[in-house]
Amino acid sequence: MAAYLIRRLLLTIPILLGISLIVFLMLHTAGGDPAVLKLGQNATPENVARLRHEMGLDRPLAVQYLDFLWHAIQGDLGRSYRSNAPVLDDIVTRFPATVELAVAAMLIALVIGFTAGTIAGTRKHSFFDYSSTFVALLGVSIPTFWLGLIFIIVFGVWLRWLPLSGRVDPRLGVDPSSNFVVLEALIRGNWTVFKDALEHLILPAVTLAGWPAAIVARMTRASLIEVLGQEYIRTARAKGLSERMIVWRHAYRNALIPVITVIGLEFGALLGGAVVTETVFAWPGIGRRSVEAILQRDYQVVQGIVLLLGVIFVALNLLTDLIYALLDPRIRYR
Amino acid sequence: MMTLRAAPARETLAQPGFEIRPSTPFRRRFARNRLAVIGAAILIALILMAVVGPFLTSDPTQQDVRSRLQGPSWSHPLGTDELGRDILARVVSGARVSLTAGLVSVMIGLTLGTLLGVIAGYVEGRVGLTIMAFVDLLLALPAILLAISIAARLGLGLTSAMLAAGFVGLPSYARLARGSTLSIKRRDYIEAARAIGMSDARVMARHILPNILTPLIVQATIGVGNAILLVSAIGYLGLGAQPPTPEWGRMLSDAQRYITDAPHLGIFPGIAIALTVIGFNIAGDGLRDALDPAGRR
Amino acid sequence: MVERKNEILSQLIDGVSRGQVTRRQFMASALRLGIAAPVASSLATMARRGALAGGAGSYGPRAYFQDGGKTLVVAIAQSTVQLDPAIAGANGYGDIIPITGNLFEGLTRFKDDSAEIEPALAESWTRSEDGLSYVFKIRPGVTFHDGTPLDAKAVETNFLRQLDPNHPLHFEGITYAEIVFAEVAGVEATGELELTIRLNRPIILVPGNLAMFAAGIASPTALEQYGLDFSQHAAGTGPFKLESWTKDVELVFVANEDYWGGRPALDRVVWRTVAEDTVRVSELKTGGIDIANQIDLKDVEDLQNDPNLQVITGTYLNVQFLGMNQTIPPFDNPKVRQAMQYAINKQNIADVVFYGNYTLGAGPIAPGLPGYDPSLAEVYTYDPERAKALLEEAGVSGLTFDLYNRTTSFWPLLGQLVQADLAAIGVTANLVSLEDAQFFAELNASRAPAFLNDWTWDNGDPDNVMYSLFTAPRAKTRLGYENPEVNRLNLQAQEEPDPEKRAEIYIQAQRLILEDSIKVILGYPSKAIGASARVQNLKLSPTGNLFLRNVDLASE
C-alpha cells in the first residue's frame, strides 16, 4: 500500500508538468500581447517595448517556461500581469469560496442523488423510478445558467426569499473572500452572519447541484440494479434475509464503488468548473476569477489556477482509489 | 455547472468491446424502449425544424423596433425580442446553429479521439502510454477553462466554441476507443490479417475501426447533447456566436437584460436547449439498450 | 448556556435597535435561537480554545463590524484593477473613476455635481503673465492616510514619477502622463508649500488636467515602501481610507477622521462589483445595496416609481460615434463616408438602447461643455434616400465592410441597430465583436475600417476630445485623419483664456471635422444613478466621479 501510494504520488509530477506546459503554450501562443493589454489604449510603442522587457516577455518561450517552473517549485507563482498582486494571494483569497460552494452543492447532490437512486433502484419500473429518471434527465439537460437565472427571478426577485448575488451582505462586514464564511460564523456563534451567508449559499448551491445529483442518482440506480441481480444477493434472499437488510448490508457496499468514482470526478469538476454558476450569482470564487484572467490575458493568474486545479484533480483521483480499497477488500494495490 | 466531462456515468457503464448481435432485430429493441422513441421523435422534429423551419418563418434578423419586447401574439407566436425580431424565427433558425455546432464539435472530438485511442490501443508500449497521458491531461483541465482558452485564442465566435466543445469531448472517445481496441486486437481475425502482411494502418482501418464503432456512436449521440450545452454556455459567457447570429445561449444572455420586463425572451431559447439535449440523451440511451442487450439495465 | 443564549439575544436586540438587523431577520434568528444556542455555545468554546478557529494569519478573517456605524454599499459595474492613481487608467478604466476621488485628491478637484474646478490640495494658484508657468500654494496641515505630511516635495515626487521614465517610482503603466502633463516642461517644489509648473506653451488647461484621477497625489512614503504592492496599501489624502481590498469583489473604505475638509458623515463604504445590470437593479430594489452607480437607463422609470428609491439623472460628458478610417477603403471615398452620416437613425438608438435618455448627436463636443452647438445636428440629418444617392454617386454598389464593435453592455445592441440601418441602404456591415483590450489594440494598429466607440471627458474640458481625438497621434492611427486647419484651431483654443472666444474656435473646428465626415456622431447618453431613498446629498458628477465626501445615510 505504501509503495503504491509513493508511486502514485511520484506519477503526479509528470502530470502536473504536462498540465503546466499545455497551459503555458496555449496562453503564450495566443493572440494579444499582455503588455499591450496591460497598458491600455493610450500606450505608445516605447511604453510597450519597455514593459515587455520588464515582464520578461522578450525572452525565448522555453526560458520563460523554465523560469515559471523554477519559481513555482519555490511556491512563487509570480504576479498578476494586470494588478501586480501575487498570484498566490489571488488563489488563496478566492479558493475558499469555491470550496464552500462545491461542498454545499455536493452535499445536496449526494442527499438527493442517493435517495432517488436507491428508491428507483429497489423499485424498478415503479412510478417513482420513471419520474426520478425523468427528473434526472432534466438535471443533465437544463443549462445551468438558465436554471440559475430562473432561481434568481423566482426566489430572489418575485418571492424575495433569498438574496440575489454575492456571498454575504457587505453590511455585515465579513470579508467575502476569507475562509469559509458559513463554517466560521457557525464556530463563532455569529448567527446574523451564519444565516445571511447560508441564505446566499442556497441558490447557487442548488443550481450547481443539479448535474451531479442527476448523475449520482442514475449511477446509484444502475449500480444497485446490477448488484441486486447477482448471485450472492440471491443467496441472501434465499436465506430469508429481509429486503432492507439485503440492500443496506450487502448490496450497498458493492453498489457504491462505481458511484464513488463519479463523485470524485464530479467533485473535481465542481471545484474547477463552477464558472457559469459563479458568474450568474457573482460568487467570488476561483471559477469567476479564472474567466476574468483568461479574458484579460493574465497568463500568470491562469497558470496558477490551472496548476492548482490539476493538483486537486490528481489528489481526488488518488483519494477515490483509496476509498475503493476501503469499500472493497478484494481490491489490493500493489 | 456544465461539467461536461462527457458523462462519466456512461463511460463506466458502457462495456467496451461489445458488438452488434445480429440475432435480435435492432429496430424492434429500439422501438420497445418508449423513451428512446420519444427521444428519436424530438430529434427528428428538431432536424426538420433546422432544415425546413427557416423557410417557413420570417427573417430572424429582421428588426422592427416599434413592436419590440411584445409578448406572444398571433403574428408573433413567441413574441418579439429587444429589437422587435420574431422570437419564433430566431429559435427556429437557432436550431440550425446549435445542431450544426453540436454535430461539428462531436465530429472533431470523435475523429481525433478515435484516432488517438485506436493508435494507443493498437500500438501500446511507450507510444500508447504517451498518447493516453496526453489524453488524461486534457481530462485534468477543467472543461470550461479549456473552452474559454480556446475561444480566447481563436477569437470570439461559433468556430471557437465548436472547436472547444470538440476538444472537451475528445478524452472520452479516446478512452473508449482504446479500451475497445485492446479488447479485440488479440482476436483471431486480427492476428490473421497481420499474419498475411497487412499494414498496421490497414488493420486499424479495415478490421479494428468497424468493430469498435458501436459504443463510440452511442457515446457520440449523447455527446452531441453535451456539446450543445457547452456551446450555449460559451455563448452565454459572450465568447461564442456573436450578434446577430441567433444562437440559443447568446439569446439567453441577451435576454437577461429584460428578464423582469419581458421574461419570455429567455424562456423559449432555454426550453429549446433543454429539449434538444434531452432528445440526444434519451436517444443515446435507447441506442445503447438496443445495440447492447447485455448492458441493458 | 443560558447566559450565552442571553448574550446572543441581547446582541440581536441591539442590532435591531441600531437598524442593521431588519425585523424579519430578527424574528427568524430569534426562532432559530431556541434550537441552535446549545450547539453554538459548545462551538464557541471550541473556537475560543483555538481548536477550530481559522488561522489568524494574513488571510484570516477581518473582525466582524456590526457596530452600528453607517455603512454605505455601492455597486459598480466593473472591477477595479489598480489603486495607484497614476497607473489606474492604463487598462481601460475599470471602474476606477467613481472610486478614486474618495481616496486620492489632486491639487485641484471637480465640484461634486459639475465639471467646474475647485481648489483641493492646492489652496490657490496663479498663472504667470506670459502664461508659461503656474504657481500652486499647497494646503497646509494635510496628512496622508499613512501619516506622512503633505508638502510641495511630496507633490513634486508624484509628478516627477509620471514624467520621468527613469524615476525610481515610475511603474510601467503610467500612460496618462501625456494628457495630465500636456506641455509641461518642468515641475519643482519652490518652497515648503509652493509648487511651480513650467510649460512649453501657454496652455490654460493645467488646473483642469490636475483634477483628473491620474493626477491624484499618493503618499510618497507608501509608494516607496510598497512599490508594486502599493494598491494593497494605498494611501492618499481623500475623505476615506482604504481598509481592505478583494480584487474584483469588493473594496472597503473607512472614514478618514483627519480629513482636511472635515470627517465625512459615513463611517464605511463598501464598493461591490456587480457586473450584471439586472442584478444591480434587483439588488437595489431588495435593499442589498444602497447605490447602484450607473443603472440601465431602461430601468429609470421603474425605479422612479419605487418610493424607497431615488434616481439621479444628469448629463454625463460622453460622446458616442461611428469612426471611419479614411486610409482604408471604402472610407477613402468622402462620398461613402457622408452616406454613413445620412444612413443612421439616431433617434432609434436613443429610443431602443437608451430609452430616450439621450441627446442626438451634433458635433464631437457634448452638451454641458463650451463649444456644444445643437445646430451642428443639422449638418447631417437622417435621410436614407440621400445616403443611397451618395453611394450611387460614389459609384459603389454591394458595399461590404467590417464594423468593429465592443462586447460589453449596450454595444452589441447598438451595433445591431447600426447594422440594420446600413442594410437598409444596401450596405453590409459585418460586426466584428472584440473584448475591450483586443478592440483597442486593433484600433491602434489601424486595422479597423470602421468602429463604434465612445469617449468620456476626464478633465471636463472640450480639449479632451477635440485635441485627443482629432489632433493627437491617435487621430492618425485610428482615423487616418490629419487636417492642418483643425490642428491649428485646436492648438489655438488651448491657449485662449476667454471662454467665449474658445467656444467660437471649437464650433469652427467642429464644422470642419463634420465636413470631413470622419465620424458619425451618434449622440450623448445621460447617466443615471439609482440609490436608496435613505441616501442623502448624492450628486451626479458629469465626469463620472462618485464623490461621497458630503453623502450621508439617514437611519431607517
Would you mention how many residues in the range C:144-179 are over 19 Å from C:Ala235 (Cβ atoms) and out of contact with any Lys or Arg (no Cβ under 9 Å at 6 or more places or on another chain)?
-> 8
Has the range A:93-106 got at least one residue that is away from chain C (no Cβ under 13 Å) and surrounded by fewer than 19 Cβ atoms within 10 Å (Cβ to Cβ)?
-> yes
Of the numbered conditions (1) closer than 23 Å to C:Thr543 by Cα; (2) in contact with a Pro (Cβ under 9 Å, 6 or more places away or on another chain); (3) surrounded by 22 or more Cβ atoms within 10 Å (Cβ to Cβ); (4) away from every other protein chain (no Cβ under 12 Å), C:Val270 satisfies every one except a single condition; which is it?
-> (4)
Determine whether A:Arg249 is farther than 30 Å from A:Asp33 by Cβ and modelled with pLDDT under 80.
-> yes
Would you point out the residue of the range A:1-45, among those that are part of a helix (DSSP H, G or I), more than 24 Å from B:Ala133 (Cβ to Cβ) and small (Gly, Ala, Ser), that is modelled with the lowest pLDDT?
-> A:Gly40
Residues B:Ala290, B:Ala255: which one is in contact (Cβ under 8 Å) with a residue 24 or more places away in the chain, on the phi < 0 side of the Ramachandran plot, surrounded by fewer than 23 Cβ atoms within 10 Å (Cβ to Cβ) and not in a loop (DSSP other than H, G, I, E, B)?
-> B:Ala290
Scan of the range C:413-442 for residues that are of a type in the set (A, V, I, L, M, F, W, C), over 21 Å from C:Ala394 (Cβ atoms), modelled with pLDDT of 90 or more and in a helix (DSSP H, G or I), ordered by number | C:Leu413, C:Leu414, C:Leu417, C:Ala420
State yes or no: is A:Val247 in a helix (DSSP H, G or I), farther than 18 Å from A:Val103 by Cα, out of contact with any Cys (no Cβ under 9 Å at 6 or more places or on another chain) and among the hydrophobic types (A, V, I, L, M, F, W, C)?
-> yes
From the list C:Gly356, C:Gly361, which residue is farther than 30 Å from B:Leu156 by Cα and surrounded by 19 or more Cβ atoms within 10 Å (Cβ to Cβ)?
-> C:Gly361
Would a scan of the range B:269-282 turn up a residue that is within 14 Å of chain A (Cβ to nearest Cβ), free of Cβ contacts under 8 Å to residues at least 24 places away in the same chain and either surrounded by fewer than 22 Cβ atoms within 10 Å (Cβ to Cβ) or out of contact with any Phe, Trp or Tyr (no Cβ under 7 Å at 6 or more places or on another chain) (or both)?
-> yes
Before we move on, is C:Arg447 surrounded by fewer than 23 Cβ atoms within 10 Å (Cβ to Cβ) and at pLDDT 95 or above?
-> no
Out of C:Glu495, C:Glu482, which single residue is farther than 30 Å from C:Gly356 by Cα, surrounded by fewer than 17 Cβ atoms within 10 Å (Cβ to Cβ) and in contact (Cβ under 8 Å) with a residue 12 or more places away in the chain?
-> C:Glu495
Taking the stated definitions as given, is A:Val276 at pLDDT 80 or above and either within 8 Å of chain B (Cβ to nearest Cβ) or buried (at least 24 other Cβ atoms within 10 Å of the Cβ) (or both)?
-> yes
Could you list all residues from the range B:114-137 that are closer than 23 Å to B:Met162 by Cβ, surrounded by fewer than 19 Cβ atoms within 10 Å (Cβ to Cβ) and not aromatic (Phe, Trp, Tyr)?
-> B:Leu115
Counting just the residues of the range C:411-424 that are touching a residue at least 40 places away in the same chain (Cβ under 8 Å) and surrounded by fewer than 21 Cβ atoms within 10 Å (Cβ to Cβ), which one comes out nearest to the other protein chains (Cβ to nearest Cβ)?
-> C:Leu413
Cβ-Cβ under 6 Å pairs, at least 6 apart or on other chains, the range B:77-105 side away from chain C (no Cβ under 14 Å), far side of a type in the set (Asp, Glu) and outside any loop (DSSP other than H, G, I, E, B) | none
Complete set of residues in the range C:237-254 that are within 14 Å of another protein chain (Cβ to nearest Cβ), crowded, with 18+ Cβ neighbours inside 10 Å and assigned to a strand (DSSP E or B) | C:Leu242, C:Trp245, C:Thr246, C:Glu250, C:Leu251, C:Val252, C:Phe253, C:Val254
Inspect all residues belonging to the range B:66-80 and state whether any of them is under 30 Å from A:Ile286 (Cα atoms) and either touching a Lys or Arg at 6+ places or on another chain (Cβ under 9 Å) or modelled with pLDDT of 60 or more (or both).
-> no
Among helices (runs of 4 or more DSSP H) entirely inside the range B:116-199, those with 1 or more residues being within 14 Å of another protein chain (Cβ to nearest Cβ) and in contact (Cβ under 8 Å) with a residue 60 or more places away in the chain are B:125-140, B:143-154, B:158-184
In this structure, does A:Ile202 turn out to be out of contact with any helix residue (DSSP H, G or I) (no Cβ under 6 Å at 6 or more places or on another chain), of a type in the set (A, V, I, L, M, F, W, C) and either buried (at least 17 other Cβ atoms within 10 Å of the Cβ) or under 30 Å from A:Ile142 (Cβ atoms) (or both)?
-> yes
How do the helices (runs of 4 or more DSSP H) wholly within the range A:110-204 filter down when requiring 1 or more residues that are at the interface with chain C (Cβ under 10 Å from one of its Cβ atoms) and not aliphatic (A, V, I, L, M): which remain?
-> A:181-188
Can you name the condition, by its number, that B:Thr111 falls short on among (1) free of Cβ contacts under 8 Å to residues at least 24 places away in the same chain; (2) in a helix (DSSP H, G or I); (3) surrounded by 24 or more Cβ atoms within 10 Å (Cβ to Cβ)?
-> (3)
Number of the condition not met by B:Thr245 [criteria: (1) in contact (Cβ under 8 Å) with a residue 24 or more places away in the chain; (2) within 7 Å of another protein chain (Cβ to nearest Cβ); (3) of a type in the set (Ser, Thr, Tyr)] | (2)
Of the criteria (1) more than 10 Å from every other protein chain (Cβ to nearest Cβ); (2) assigned to a helix (DSSP H, G or I); (3) surrounded by fewer than 24 Cβ atoms within 10 Å (Cβ to Cβ); (4) not aromatic (Phe, Trp, Tyr), which one A:Leu265 fails = (1)
Would you please name the residue that is nearest to the other protein chains (Cβ to nearest Cβ), looking only at residues in the range C:194-232 that are more than 11 Å from C:Leu107 (Cα to Cα) and assigned to a loop (DSSP other than H, G, I, E, B)?
-> C:Ala218
Taking the range C:168-186 and the residues there that are within 23 Å of C:Gln225 (Cα to Cα) and in contact with a Ser or Thr (Cβ under 9 Å, 6 or more places away or on another chain), the one that is surrounded by the fewest Cβ atoms within 10 Å (Cβ to Cβ) would be C:Leu169
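The values are calculated or read from the model by the stated rules, or taken from the named source; none is laboratory data. This is a predicted model, so every value here is computed, not measured. So basically every Cβ, Gly included, is an ideal-geometry build from the backbone, and we count neighbours across all protein chains shown.
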